[in-house]
Structures are given as structure tokens and as C-alpha cells.
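Notes follow once the structure below has been shown.
The values are calculated or read from the model by the stated rules, or taken from the named source; none is laboratory data. Worth saying up front: this structure is predicted, and the values here are computed from it rather than measured. Methodologically, a virtual Cβ is constructed for each residue, glycine included, from the backbone with ideal geometry; neighbour enumeration extends over all protein chains shown.
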Amino acid sequence: MPAIKRLGTVPSEEFCPNIVSIPRPTKHFRYLNTPSGDWLGTNDGENLQVFGHVDDAAIWDVTDAGFKHVVSGLELSATSNELNATCRLRSGNEEVTVTEGDVLVDEFTIEHGPELLPSSYLETLNKQGWVSISCILPDSVVDGLQRVGCVDAYADRTPVRQTPLAQDPSVAQVSAEPISLWLTREYMKTNDIRLGHSPGISALTRDDGTREVQGWHTDFPYLWGTGDRIPVPSGDLVLGMQRNVCVSDFTRENGATIFKLGSHASNEAPPEEWGISNHTYRKGFRAEYGLPYGGEESDLIEAPAGTIILYDARTWHRAGMNMTDHRRGAIIQAIVPGYIIPFMDTSQTVKSFLASDAFNQVTERVRKEIEKLMVHKIAGPGGLFAITTDEELTQRVREQRQAAASVY
């Protein structure tokens, strides 16, 4: 990575980041899903089986007669090849059936898939430390997220005071999106991953020209520029990934995230001269120093709604500013290995989800993934335990901290 120029804070009128525009795909591959939400695929082009994750083995292209396995070329005829339809499949003269647990499956749902093979996304992620999975979310999921977030067509809707995960199945569906999870597991070299905090949908409002703004930082668990929780470089060991979901279209005008792409490889914190979050959130910083750096060494990613931008948590970035009258919706999710303490306790959110209608509106696969991602566990001589917070001890440590901070 080229050396970073130690520039002073750039005034807002000199906002000129490099624009990276992610186009809307003209075509998507398909998934063939079982009733439980798993995926039909093949590793060898001959034997069909059920997969509990998505890699190249689960990717199909549409043909006039049905579907063609993208990697192996295996062709299946189908009673329908329409998106969201249920179909029966044949391989040559044989009807396709697979066993899922103790159940024989002979019907499959045709689902929205990616623009590219998962291996292609992984190659890009390994090469540059970030990747965009353009419009990976189905329109129905995007619509649900916009409704919960009260953005776009639902801008006039009143927000509901309930955890988003329990409000609508779309929040669980995006949290369990299979390609971004597979990429994260491959990049961090562990299958045991967790969400660092509960899913939430943010809505960036119009900037008023005076309020303090987010400065440059890295994400959890590093948090360089906002507390330096991981104080030293982690080298080849990746301790966190960030998954930004474009609930609305992300544009230069409505506050798309600004990055220094490739900065993860430096294993360094962003320079203070760029305006780090530790400083920019202080009252009066903007009035005295202007906005954080947004010059030609920074990168702004524009992407259509339904896109997931996945990146190494060490990547320097900051929030953009919304200069429109429309709220820009996003889901910002930290993902960490299972051995990292989460940013926030997610146990109450999971329990709310288990008791909600949304739980009954998603597949068994999504339910399993949510519990894997959000129930933090500890294993020891006494067995396996779910970890949560303790109210009495929490109150005690807060009182101790307050006492230590007292001037008396």
C-alpha cells in the first residue's frame, strides 16, 4: 500500500473522494432450496446432495429446460425455472430426490442467488481485503428491511419499539445471508463465528451543517481511533469482519461510507490528522477544524440497495454525510471469531426472536444460523453454557467504576 500523506483535516468544500461504483447486476444465478432452507448441489457433477452452506457447489444457472450446475455443467430438467416457484427435477430419466435427515425431498424452491460464483468473491476478498456482493438480497428482503427501518417507500412509517430481529423475517434472513457468512468463515479461517452485536437498521438523516460527525476509525474488535481495544497489530490473524448492508441505495449524496481501501494491510490506525472518532465527536470539533478528511486518498463506495459490502475490520473508514432530504438505510454488522468477546450482549434479542412471529416465518436453516451467530457459548469441565450478562454484577461494576471516577 502506498504511504499515507499526513494531511491536515480537509474542509467540506474539498470533499473529493475516489468514487467506486458497484453496478446493478443484469443477471443472477439461482439456488435450489429444500423445504428446510438448505441447498441442493454437487461436488463432482454426478452425485447430488444437500449442503448446509453456500459455496460453488450450490450455484445453478437457468436453462430453457431447467438448470445447469455452473461449475460441473450437470444439467437438470425442471417442471419450472421461475424465481420463487417450487419445482420437481430430473437428471436424465431419473427424478431427483435427496434425503434430508429422515425426510425424502423431491420438491425444491427456486431462490435468488448471486451474480458471481462464491469463489470469485473470495478471491477478491483475499486480494484486496473487501468485496461487494451486489444485490445479493432478494427484493422481498430489501422491502422488509426498508419497512422496519422506515426508509425509502416507508419513510412515513412510525418506527416500532421492538428489536428489529423480532419485527420482520427479513432481518433474520439478511443476518443469515449464506455467501457473506461463508466468505467470512473462509477469510477468518474459522467456522465458529458470532455477531458482535444485535442486528439494527440505522437511518442517516440530512446533515444540518453543524452537528459533530463520525471520524476515521477501524471496526470492532480493533476500534483504532475510537478506543484501541486491540492495541497491537494482529498480523495474519483476522479478529473481525464488517458487513455493511445497503438497505437503501448508497450514493455520494446520501452518505455512502467512506473508506481508505487497502488500509487493513498496513495494520496501523488511521492518522489523527485525518480526524479520528476520538476527536471528531467532541463538542465544537467541527466548528473549529471542519470535517474529517475526505480527499482524493479516500474511497467512497456507491452501491444499489440489497448489496452487501464485506471488509476486514482493520480497514479505515468513516460515515459519509447525507445531503439529501431522504433517510439512507443501512445495517452495520460486526462479525467476530467465537473466541472474541462480543461488543454487546445479544441474548435478550435472541429470546425475543424465538418468541416472535418472525421466527415462524423463516426456514429452519435461518433459525439455526441465527442461534449459531448470536448465542455466545463457553465450554468447560462442567459442560456447555450460554453466556449472558448478570444484572447484579453489572450494577456492581458500574458502581465501582463511578466511585473510581469520583474526585472525592
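One line per residue, one yes/no per condition, for (1) assigned to a helix (DSSP H, G or I); (2) aliphatic (A, V, I, L, M); (3) modelled with pLDDT under 95:
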position: ASP345; (1), (2), (3): no, no, yes
position: ALA358; (1), (2), (3): yes, yes, no
position: ARG367; (1), (2), (3): yes, no, no
position: ILE370; (1), (2), (3): yes, yes, no
position: LEU373; (1), (2), (3): yes, yes, no
position: ALA379; (1), (2), (3): no, yes, yes
position: THR388; (1), (2), (3): no, no, yes
position: GLN395; (1), (2), (3): yes, no, yes
position: GLN402; (1), (2), (3): yes, no, yes
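GLU302 - would you say it is surrounded by fewer than 23 Cβ atoms within 10 Å (Cβ to Cβ), of a type in the set (D, E, K, R), in contact (Cβ under 8 Å) with a residue 60 or more places away in the chain and part of a strand (DSSP E or B)? Answer is yes for this residue. Contact map, the stretch 366-378: first residue assigned by TED's automatic domain parsing to the domain that holds SER352 and within 18 Å of ILE340 (Cα to Cα), second residue surrounded by 15 or more Cβ atoms within 10 Å (Cβ to Cβ) and polar (S, T, N, Q), Cβ cut-off under 6 Å, separation 6 or more or different chains; the map is empty.
Quick grid of which residues meet (1) of a type outside the set (D, E, K, R); (2) touching a residue at least 40 places away in the same chain (Cβ under 8 Å); (3) surrounded by 15 or more Cβ atoms within 10 Å (Cβ to Cβ):
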| residue | (1), (2), (3) |
| --- | --- |
| VAL62 | yes, no, yes |
| THR86 | yes, no, no |
| THR97 | yes, no, no |
| ASP106 | no, no, no |
| LYS127 | no, no, no |
| GLY144 | yes, no, yes |
| CYS150 | yes, yes, yes |
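Residues in the stretch 93-109 that are within 17 Å of ILE59 (Cβ to Cβ) and either not assigned by TED's automatic domain parsing to the domain that holds LEU74 or not aliphatic (A, V, I, L, M) (or both): 2 in all. The residues on offer are ASP106, ASP55, ASP102, and the sole one that is under 25 Å from the mean Cα position of the chain (by Cα) and either of a type in the set (Lys, Arg) or farther than 30 Å from GLU296 by Cα (or both) is ASP55. The one condition from (1) farther than 13 Å from GLN214 by Cα; (2) assigned to a helix (DSSP H, G or I); (3) in contact (Cβ under 8 Å) with a residue 60 or more places away in the chain; (4) of a type in the set (D, E, K, R) that ARG286 does not meet is (1). For the stretch 218-225, the criterion of being under 21 Å from LEU300 (Cα atoms) and either in contact with a Lys or Arg (Cβ under 7 Å, 6 or more places away or on another chain) or surrounded by fewer than 22 Cβ atoms within 10 Å (Cβ to Cβ) (or both) is satisfied by at least one residue.
Residue-level analysis places ARG314 among those that are among the basic types (Lys, Arg), closer than 16 Å to ASP228 by Cα, surrounded by 24 or more Cβ atoms within 10 Å (Cβ to Cβ) and modelled with pLDDT of 95 or more.
For every residue, the table says whether it meets (1) closer than 22 Å to GLY113 by Cα; (2) touching a Ser or Thr at 6+ places or on another chain (Cβ under 9 Å).
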{"position": "GLY129", "(1), (2)": "no, yes"}
{"position": "SER134", "(1), (2)": "yes, yes"}
{"position": "VAL141", "(1), (2)": "yes, yes"}
{"position": "VAL148", "(1), (2)": "no, yes"}
{"position": "ALA155", "(1), (2)": "no, no"}
{"position": "SER175", "(1), (2)": "yes, no"}
{"position": "SER180", "(1), (2)": "yes, no"}
{"position": "LEU183", "(1), (2)": "yes, no"}
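Looking at this structure, is GLU115 out of contact with any Asp or Glu (no Cβ under 8 Å at 6 or more places or on another chain), surrounded by fewer than 23 Cβ atoms within 10 Å (Cβ to Cβ) and either farther than 21 Å from PRO199 by Cα or small (Gly, Ala, Ser) (or both)? It is true that GLU115 is out of contact with any Asp or Glu (no Cβ under 8 Å at 6 or more places or on another chain), surrounded by fewer than 23 Cβ atoms within 10 Å (Cβ to Cβ) and either farther than 21 Å from PRO199 by Cα or small (Gly, Ala, Ser) (or both). For the residues SER234, SER198, SER248, the requirement of being assigned by TED's automatic domain parsing to the domain that holds ARG328 and more than 17 Å from the chain's Cα centre (by Cα) singles out SER234.
Tell me yes or no: at least one residue of the stretch 301-315 is of a type in the set (Ser, Thr, Tyr), in the same structural domain as THR210 (by TED's automatic domain parsing) and either on the phi > 0 side of the Ramachandran plot or out of contact with any Phe, Trp or Tyr (no Cβ under 9 Å at 6 or more places or on another chain) (or both). Checked against the condition, which is being of a type in the set (Ser, Thr, Tyr), in the same structural domain as THR210 (by TED's automatic domain parsing) and either on the phi > 0 side of the Ramachandran plot or out of contact with any Phe, Trp or Tyr (no Cβ under 9 Å at 6 or more places or on another chain) (or both), the stretch 301-315 yields no hits at all.
Results for (1) in a loop (DSSP other than H, G, I, E, B); (2) surrounded by 14 or more Cβ atoms within 10 Å (Cβ to Cβ); (3) modelled with pLDDT of 95 or more; (4) in contact with a Phe, Trp or Tyr (Cβ under 9 Å, 6 or more places away or on another chain), shown as yes or no for each residue.
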| position | (1), (2), (3), (4) |
| --- | --- |
| PRO2 | yes, no, no, no |
| LEU7 | yes, no, no, yes |
| VAL20 | no, yes, yes, yes |
| THR26 | yes, no, yes, no |
| TYR31 | no, yes, yes, yes |
| GLY37 | yes, yes, yes, no |
